[in-house]
Amino acid sequence: MSILNELFENADDGYKSFQSSLVPGIKNILGVRAPIVKRIAKKYANTDTGEAFLNDLPHKYFDENMVHAYMFGYLKCDFEDLKDRLIDFLPHMDNWDVVDTCAQNLKNFFKNRDRVYDFVKNMSASSKTYISRFGLVCMLDYYIDAIYIDDVLDTVKNIKNDEYYVKMAQAWLVSVAIVKQYEKAVALIENKELDKWVHNKSISKSIESFRVPNERKEYLKGLRIK
């Protein structure tokens, strides 16, 4: 059975409607739930069927792109092969869900953090919405620590992009930095170095986080730009 046939067999119209509301503007959604998509990705990774699927770009359905994104977490290949596969897939990521899922499933790729940092940093500065978001999400997933924080925050503040999903990723990254590297991140807020919208959204997301202590939330509230 092909991957696409399995997706069709597991399509759920009710879930399709829900998913369509989460990724507006994306058509060709079958409505396959994430655990099933992940199971299919694991089943076919490192098989001839999976290999043919990975090479058959662009995919027609959103759900196929999600299988592709999850499959990165199961591939048994060397670093250069994994990087080449990622580069092939990047232009076909056309929504936040596929981008974020792919980034989260690249733990093997980011075992070589130093080796790929410049690659990720360059993607974050891309003028293409979802490539930029991908770079930012990879940064927040793998580089919010004492080693990288200065350069990460410097990169984020210098991104000038009015696309909603890029700005949301910037704010998400800063809110994660507020949790993990507070002194560095709060200085960025105090010095008003971010776009006004990103600045205020970073504060909002930090206030919503259960990982930020209440006293810090109260302080951050006073740093909003009116």
Net charge of Cβ neighbours under 9 Å - reference residue 54; Lys, Arg +1; Asp, Glu -1: -2
Table column - 3J(HN,Hα) (Hz), region 99-111, Karplus curve with 6.51, -1.76, 1.60, x for Gly and Pro: 4, 5, 5, 4, 4, 5, 9, 10, 4, 5, 4, 8, 5
Sites residue 162 and residue 9, calculated FRET efficiency, Cβ-Cβ separation with R0 45 Å, nearest 0.05: 0.65
FRET efficiency estimate (nearest 0.05) - Cβ-Cβ, residue 217 to residue 16, R0 30 angstrom: 0.20
Set of aspartates and glutamates near residue 221 by C-alpha distance (under 19 Å), chain-local residues within fewer than 8 positions excluded: 183, 190, 193, 195, 208
log10 of Debye I(q)/I(0), alpha-carbon scatterers only, for region 1-106 at 0.13, 0.17, 0.18 Å⁻¹: -0.42, -0.73, -0.82
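Quick check on the exposure proxy: order 140, 86, 57 from fewest to most C-beta atoms within 10 angstrom.
Fewest-to-most ranking of 140, 86, 57: 57, 86, 140.
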Karplus-derived 3J(HN,Hα), 6.51/-1.76/1.60, for each residue of region 66-79, Hz, glycine and proline x: 5, 4, 4, 4, 5, 4, 4, x, 10, 5, 10, 8, 6, 4
For region 85-213, average projected area of the Cα convex hull in nm²: 7.4
Fewest-first ranking of 66, 168, using other Cβ atoms within 10 Å as the exposure measure: 168, 66
Residue among 135, 25, 73 with the largest mean-square fluctuation in a Gaussian network model of the chain, springs linking Cα atoms under 10 Å: 25
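Once you've got the Cα coordinates, tell me which of 16/43; 157/184; 180/217; 160/205; 128/226 are over 18 Å apart.
16/43; 160/205; 128/226
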Loop sites in region 129-226: GluC sites (Glu not before Pro), DSSP, at most 16 other Cβ within 10 Å: 163, 193
For region 76-226: relative contact order, % (alpha-carbon pairs under 8 angstrom, 6 or more apart): 17
Residue order, fewest to most surrounding Cβ atoms within 10 angstrom, among 17, 132, 202: 17, 132, 202
Alpha-carbon Rg with Dmax, taken over the chain, Å: 18.7, 58
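Taken together, the values in this text are just the output of simple stated rules run on the coordinates, not laboratory data. Since this is a predicted model, take the numbers as computed values, not measurements. Using ideal geometry, Cβ is built from the backbone for each residue, glycine included, and neighbour counts are taken over all protein chains shown.
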